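One structure is given below, encoded as structure tokens.
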Amino acid sequence: MRILVLGSGAREHAIITSLLSEPTAHEITAAPGNAGIAAVVPVVALDPTRGDVVSAYALDNDIELVVIGPEAPLVAGVADALRQRGIAVFGPGKAAAALEGSKTFAKRIMDDAGVPTGKATRAGTIDEAVAAIDEYGAPYVVKADGLAAGKGVLVTEDRDAAVAHADFWLAHGAVLVEEFLSGQEVSLFLLSDGHTVLPLSPAQDYKRVFDGDQGPNTGGMGAYSPLPWLPEGFVDEVINTVAIPTVRQLASERTPFIGLLYCGLIVTPKGVKVIEFNARFGDPETQVVLPRLKTPLSQLLFAAASGELASQPRPEFSDDVAVTVVLASEGYPEEPVTGRPITGLSDVHDVTIAHAATALVDGTYVATGGRVLSVVATGHTFSEARARVYLALDAIHLEGGHYRRDIGLRVSE
């Protein structure tokens, strides 16, 4: 199959790695890709948020399936442009992608569909935000309504910090102030063709930058899968109470969700609730879910894009565990230092490395962003996978680089 993958991060690198591992050979192109991706497949320098440009390229190159990785092209309506040209695309249209593009829209869909979630108040002014902050009390939860590259959420005991966060994001649009939900967080990906949903394996992400869940929120510093502590029947419960009602609600509004429904969940004493939806594969959870997938990924993506998921069995996963740890640049997430060389990559073994923000300069990889690499290991146990990950990270050098050392620690003990 001729496949075009849009995006330039570790998520896209992980998707491409999974596609390349299949018995059937595919012709894969990435746009725009990154230095690590360019080492394994051709890359094309085109703007992934331009539906006209992407569609023209896909038609000119006989692309059979377009896989949209990041949220920006989805919110920009790139999937709509491709579908209008008759090109199979894995990713929701602009209207359905508002599940991620607008937290207000997502809350409204959840309310209409009867999906369990926390209480929330939309604020358009600082006075409204302060009133809601005081109403809900500490811990305070303040979220930017629109896309914020993983930096729009603040959970804090500090009222002044909550007010300041609201004030900052109000300059970019509305904010949501929500009740704090306590419990273990779970990321669950579900494939959807607009009617049928099929689950992938749950994962857990680590959002805080430092060990022990300290420091500011990030785009994700690591993840692991599976989650042995989940109760039996958890996935089916989420399908029945969250995924199917949401997909049906969107279908009833003539905005079918075709692609990857990312359910950010929390297991509270009162049951499972939705923290947020995303409209695409999550990063870094993708890096631990796909290595365990036994069903060919291309088969699932094309079935979803073609409205044929009902003909597919539930995806199968290996019993192995997977752990990924993100290597970040000095100063991330506030002001990452870029341009520094990355060395030692040729010295690592028994892991997979997904490049997130790298460039190749005079034969040497350099960091071009905050989250630079995702180092991924699998093993029969969490202890084995963790040992492989951290042995590899010890061999990789990025001046000022940092990473968490407690990813998956809780389940390995």
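Cβ-Cβ distance below 6 Å, separation of 6 or more or different chains: which pairs start in the range 307-323 with a residue that is of a type in the set (D, E, K, R) and open to solvent by 40 Å² or more (accessible area, probe 1.4 Å) and end on one that is assigned to a loop (DSSP other than H, G, I, E, B) and at pLDDT 95 or above?
If the second residue must be assigned to a loop (DSSP other than H, G, I, E, B) and at pLDDT 95 or above, the pairs left are GLU316/LYS294; GLU316/THR295.
Output the residues belonging to the range 256-285 that are aliphatic (A, V, I, L, M) and closer than 19 Å to VAL197 by Cα.
Matches in the range 256-285: ILE258, LEU260, LEU261, LEU265, VAL272, VAL274, ALA279.
Checking ASN240 against (1) without any contact (Cβ under 8 Å) to a residue 60 or more places away in the chain; (2) assigned to a loop (DSSP other than H, G, I, E, B); (3) among the polar types (S, T, N, Q): exactly one of these is not met. Which one?
(2)
Could you list all residues from the range 57-91 that are open to solvent by 40 Å² or more (accessible area, probe 1.4 Å), among the hydrophobic types (A, V, I, L, M, F, W, C) and in a helix (DSSP H, G or I)?
Across the range 57-91, the qualifying residues are LEU59, ALA72, VAL75.
Report yes if some residue within the range 303-316 is touching a His at 6+ places or on another chain (Cβ under 9 Å), outside any loop (DSSP other than H, G, I, E, B) and more than 30 Å from ARG340 (Cβ to Cβ); otherwise report no.
Yes, the range 303-316 contains at least one residue that is touching a His at 6+ places or on another chain (Cβ under 9 Å), outside any loop (DSSP other than H, G, I, E, B) and more than 30 Å from ARG340 (Cβ to Cβ).
Output the strands (runs of 3 or more DSSP E) that fall wholly within the range 113-213 and possess 2 or more residues being farther than 30 Å from LYS294 by Cβ and in contact (Cβ under 8 Å) with a residue 40 or more places away in the chain, or say none.
Filter on the range 113-213 gives 120-123, 140-144, 153-156, 175-178, 208-210.
Mind checking which residues of the range 374-413 are hydrophobic (A, V, I, L, M, F, W, C) and more than 17 Å from HIS355 (Cα to Cα)?
Taking the range 374-413 as the starting set, the residues that turn out to be hydrophobic (A, V, I, L, M, F, W, C) are 375-377, 382, 385, 387, 389, 391-393, 395-396, 398, 407, 409, 411.
Result: PHE382, ALA385, ALA387, LEU391, ILE407, LEU409, VAL411.
Residues to consider are LEU198, LEU261; find the one that is more than 18 Å from LYS151 (Cα to Cα), modelled with pLDDT of 95 or more, under 18 Å from the mean Cα position of the chain (by Cα) and surrounded by fewer than 23 Cβ atoms within 10 Å (Cβ to Cβ). Give the steps one after another, and end with the answer.
Numbers: LEU261 fails: surrounded by fewer than 23 Cβ atoms within 10 Å (Cβ to Cβ).
Going through LEU198, LEU261 in turn, the sole match is LEU198.
I'd like the full set of residues that are assigned to a loop (DSSP other than H, G, I, E, B) and surrounded by 24 or more Cβ atoms within 10 Å (Cβ to Cβ), limited to the range 10-36.
GLY33, ASN34
The values are calculated or read from the model by the stated rules, or taken from the named source; none is laboratory data. This one's a predicted model, so the numbers in the text were calculated from it and none came from an experiment. Cβ atoms come from the backbone with ideal geometry, glycine included; neighbour counts cover every protein chain shown. Heavy atoms of the whole protein, side chains included, go into the accessibility calculation; ligands, DNA and RNA do not. Shrake-Rupley method; radii C 1.70, N 1.55, O 1.52, S 1.80 Å.
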